[in-house]
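Peer 1: First the structure, then my questions, so here it is.
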Amino acid sequence: MTTLYKLTDAYRQVLDSEDLDPEVMQDTLDSIKEPLKDKADGIAWVIEKLQADSKLLKDKAKSFNEEAKYRANKAAWLQSYLTDSLDAAGIKKLQTANHILSPRNYKMRTVIDDASKLPGMYKLMKTTVSPDKKAIYAAIKSGEAVSGAHLEPNRKTLIK
């Protein structure tokens, strides 16, 4: 089976050949073009399939994350409900067929009601540094040298 690379190379060699009769050249190019079209079409199909799979997986990951968050929240609510119910009944320990339930006190949680009202000594300052790609692009495009960055061609084939 011939690869797209080999077909492209053969096509280029025929085009660069100066000693071929124009009719022979056209026939040779036509004979290479069909398998090249078939191979390119196959690759385009694989690209579309991979892109669709990627989108599907991203959507599923989002859905799984949402479901995991829902279940974690539901478990926390049920935990609170169970503890409140046992406390309201005055039960310190309850043994069921599958579990031993004992409400306990744990380390208190810190709850922030309004972060803007907190004194400065209780706030952490986080700084994130990231490159401004738009500004870098504009600077390089206008002829300015930006150390640590460069522009490179970004060619793709549009698949419709």
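Peer 1: Quick check: pseudo-label points 7 Å beyond the Cα along Cα→Cβ at SER63 and ASN105, how many nm apart are they?
Peer 2: So the label points at SER63 and ASN105 sit 4.6 nm apart.
Peer 1: Can you give the FRET efficiency to the nearest 0.05 for LYS92 and ALA72, using r as the Cβ-Cβ distance and R₀ = 22 Å? Walk me through the numbers on the way to the answer.
Peer 2: Values: r = 27 Å, r/R0 = 1.24.
The value I calculate is 0.20.
Peer 1: Once you sort the root eigenvalues of the Cα gyration tensor of the chain as a ≥ b ≥ c, which label holds: rounded (a/c under 1.5), prolate (a/b larger than b/c) or oblate (the other case)?
Peer 2: Numbers: a/c = 6.39, a/b = 2.15, b/c = 2.97.
Because a/c hits 1.5 or more and a/b fails to exceed b/c, the chain counts as oblate.
Peer 1: State in Å² the accessible area per residue of region 37-102; use a 1.4 Å probe, count heavy atoms of protein chains only, and round to the nearest integer. Working shown, then result.
Peer 2: Details: 5770 Å² over 66 residues.
Counting only protein heavy atoms, the per-residue value for region 37-102 is 87 Å².
Peer 1: Under a straight-distance cross-link criterion of Cα-Cα below 26 Å, which lysines are reachable from LYS33, leaving out those fewer than 8 residues away in the same chain?
Peer 2: Qualifying lysines at Cα under 26 Å: LYS6, LYS49, LYS156, LYS160.
Peer 1: On to the next question. In deg cm²/dmol and to the nearest 500, what is the mean residue ellipticity at 222 nm of the chain if only DSSP H runs of at least 4 residues count, each as -39500 (n - 2.57), divided by the residue total?
Peer 2: Values: 3 runs with 90 residues, N = 160.
Computed ellipticity for the chain at 222 nm equals -20500 deg cm²/dmol.
Peer 1: So if each residue of separation counts as 0.36 nm, and I subtract the Cα-Cα distance between LYS156 and ALA115, what length gain in nm does that give?
Peer 2: On the way: separation 41, 0.36 × 41 = 14.76 nm, distance 4.71 nm.
Extending this stretch completely gives an extra 10.1 nm.
Peer 1: Right, another one. Summarise the accessible area of the chain (1.4 Å probe, protein heavy atoms) by the percent that is carbon and sulfur. The partial results should precede the final answer.
Peer 2: On the way: 8490 of 15260 Å².
Exposed carbon and sulfur together represent 56 percent of the surface.
Peer 1: In nm, what is the difference between 0.36 nm times the number of residues separating GLU18 and THR127 and their Cα-Cα distance?
Peer 2: Values: separation 109, 0.36 × 109 = 39.24 nm, distance 6.25 nm.
Difference between extended and current length: 33.0 nm.
Peer 1: Assigning unit charges at the beta carbon (Lys, Arg +1; Asp, Glu -1) and nothing else, what dipole magnitude in debye, to the nearest 20, does the chain show about its Cα centre? All intermediate terms of the calculation are to be shown ahead of the outcome.
Peer 2: Working: 27 positive and 23 negative charges, 416 e Å.
In debye, rounded to 20, the chain gives about 2000.
The values are calculated or read from the model by the stated rules, or taken from the named source; none is laboratory data. Please read all numbers here as calculations on a predicted model, not as lab measurements. Quick reminder, even Gly has a Cβ in these numbers, built from the backbone with ideal geometry, and neighbours come from all protein chains shown. For the accessible areas, the whole protein counts, side chains as well, though only heavy atoms, and no ligand, DNA or RNA atoms are used. Shrake-Rupley method; radii C 1.70, N 1.55, O 1.52, S 1.80 Å.
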